[in-house]
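Report on one structure; see the data block that follows.
Read-outs throughout are calculated quantities, based only on the coordinates presented, and are distinct from any laboratory measurement. Since this is a predicted model, take the numbers as computed values, not measurements. All Cβ positions, even for glycine, are placed from backbone atoms using ideal geometry, and neighbour counts span all protein chains on display.
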Amino acid sequence: MRLFILVVLLSCFACSTLPEDEHTAKPLALMELPDHFPDISFPSDNVFTEARWVLGKKLFYDPIMSSTKEVSCASCHDPSLGFTDGLAFSIGVEERVGFRNAPSLANVAYQPYLLREGSLATIEMQVLVPLQEHHEFDLNILELVERLKEDEEYVAMSLEAYDRPPDAFVVTRALANFERSLISGQSRYDLSINEGLSLTNSEKKGEALFFSETLACGQCHGGHNFSNYAITNNGLYLHYEDEGKFRLTNDSLDLATFKTPSLRNVAITGPYMHDGSIESLEAVIAHYAAGGKNHMNKHPLIQGFDISAEDEGHLIAFLQSLTDTSFINNKIFRDE
Ligand code: HEC
Ligand code: HEC
């Protein structure tokens, strides 16, 4: 019995950091930025106000946005999954299946352009995409506006937020206002930068591997949001069904290129890649270790590397340290 107590004590002394699930970062207040995050710029016609945010949040969770009144933004961007849906391809109205994997909306305020080929410049404009897509909401914006105008609460909220009744301007602005507040910067990794939390040895080794020249992950997935936002090819296939940025430009150098995703909360945002074709982080690492397929546009940094099972475990531990439980559980973003 005494021996048992001693062992328990010893093992506790040995753990110099908190166990992974026990760190309790205080959720950030609305629009509060961690010290190591750059400022967010709001368009001059859509500066942040609480009334705008409240309206945007209501719309985000409201299936009134879809033709069948059954699907909301949150159906595909669920806060408990880091604002993704856990599916390879998202499902919209009438169970229609789309052709791309839903990206996380964490820190979307920092994305310089939206969608996987970067075809849209603002979050405001992006709102119109799911609205009209056949496999998403399949609803005309004018019809949505009619619905909102018939709802006293929406009319009052819209007047308060933008001094005008519901219209396309209000819908796109309010949703964007809400989305810009989705700040994720309280993961264990962030706390190790800001709050003196020490990462485990395994996480630290994983961090060194991630930023090493051999693995080169950090060269594309670097910066405070773990992305340089480059639209490039990471060698997933020789022949892609989805042509990526080529759809936009018809330039063969853009064939099968996709925006480099942020890796924040990556442990809970699978399946991975533009088509959700990779199920696990282990399989993602195996893809990069093998050097991918030799697509004509494959980025020269994707060369392949040797990695031991132990180091793979460290790299995964590091990627898991980017999970921000206080963001995911933050009640202010939830429909409660
Ligand atoms: C049926 C599922 C579905 C619904 C509903 C949906 N989305 Fe999405 N969302 C996606 C998919 C899939 C993509 C990626 C599309 C692409 O790249 O072409 C995406 C992309 C985005 C992006 C771009 C993110 C980035 O990093 O480029 C934003 C922002 C976004 N959605 C916000 C919203 C908002 C706001 C709503 C509600 C008005 C919404 N979505 C409704 C599935 C959905
Ligand atoms: C040349 C730039 C580049 C390098 C180097 C790189 N990546 Fe990526 N990564 C990308 C691109 C581009 C995508 C998106 C591909 C797609 O959507 O099909 C991606 C996707 C991912 C995803 C999927 C994320 C998601 O939400 O779908 C993960 C995880 C990932 N990379 C991890 C890594 C790791 C770990 C390394 C190092 C071993 C690495 N990457 C190296 C460019 C790069």
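Numbers for the structure displayed
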quantity: Residue-averaged [θ]222 nm for the chain, counting only DSSP H segments that reach four residues, each worth -39500 (n - 2.57); calculated: -9500 deg cm²/dmol
quantity: Relative contact order (%) - the chain, alpha-carbon pairs under 8 angstrom, separation at least six; calculated: 21
quantity: Mean Cβ neighbour count within 10 Å, used as a protection proxy, ranking 302-313, 151-162 highest first; calculated: 151-162, 302-313
quantity: Karplus 3J(HN,Hα) series, Hz, for segment 216-225 with 6.51 cos²θ - 1.76 cosθ + 1.60 (x for Gly, Pro); calculated: 6, 3, x, 6, 9, 9, x, x, 5, 10
quantity: Prolate/oblate/rounded label for segment 103-187 (Cα gyration tensor, a/c 1.5); calculated: oblate
quantity: Cβ-based net charge around residue 186, under 12 Å, with every Lys or Arg adding one and every Asp or Glu removing one; calculated: -2
quantity: P(r), alpha carbons of segment 44-183 - 10 Å bins starting at zero, rounded %; calculated: 12, 45, 35, 7, 0
quantity: Fully extended contour minus Cα-Cα distance, from residue 47 to residue 195, at 0.36 nm per residue; calculated: 50.3 nm
quantity: Partners for residue 204 among aspartates and glutamates (Cα-Cα distance below 12 Å; same-chain residues under 8 apart left out); calculated: 311
quantity: Candidate lysines - alpha carbon under 22 Å from residue 331, same-chain residues fewer than 8 apart omitted; calculated: 26, 57, 58
quantity: Residue 289-residue 155 FRET efficiency (beta carbon distance; Förster radius 45 Å; 0.05 resolution); calculated: 0.20
quantity: For the chain: span of alpha carbons on each principal axis (Å, largest first); calculated: 70, 54, 36
quantity: DSSP-defined beta bridges in the chain - what % are antiparallel, rounded to 5; calculated: 75
quantity: Charge sum, other residues only, whose C-beta stays under 11 Å from residue 135's C-beta, Lys/Arg counted +1 and Asp/Glu -1; calculated: -3
quantity: Only Lys, Arg (+1) and Asp, Glu (-1) charged, at Cβ; the chain dipole about Cα centre in debye; calculated: 640
quantity: Environment charge of residue 82, counting only residues whose C-beta is closer than 12 Å and scoring Lys/Arg +1, Asp/Glu -1; calculated: -2
quantity: Efficiency of FRET from Cβ geometry, residue 277 and residue 113, R₀ 30 Å, rounded to 0.05; calculated: 0.85
quantity: Nearby lysines by direct alpha-carbon distance to residue 293 (threshold 25 angstrom, same-chain neighbours under 8 apart not counted); calculated: 245, 259
quantity: For segment 277-336: span of alpha carbons on each principal axis (Å, largest first); calculated: 48, 30, 19
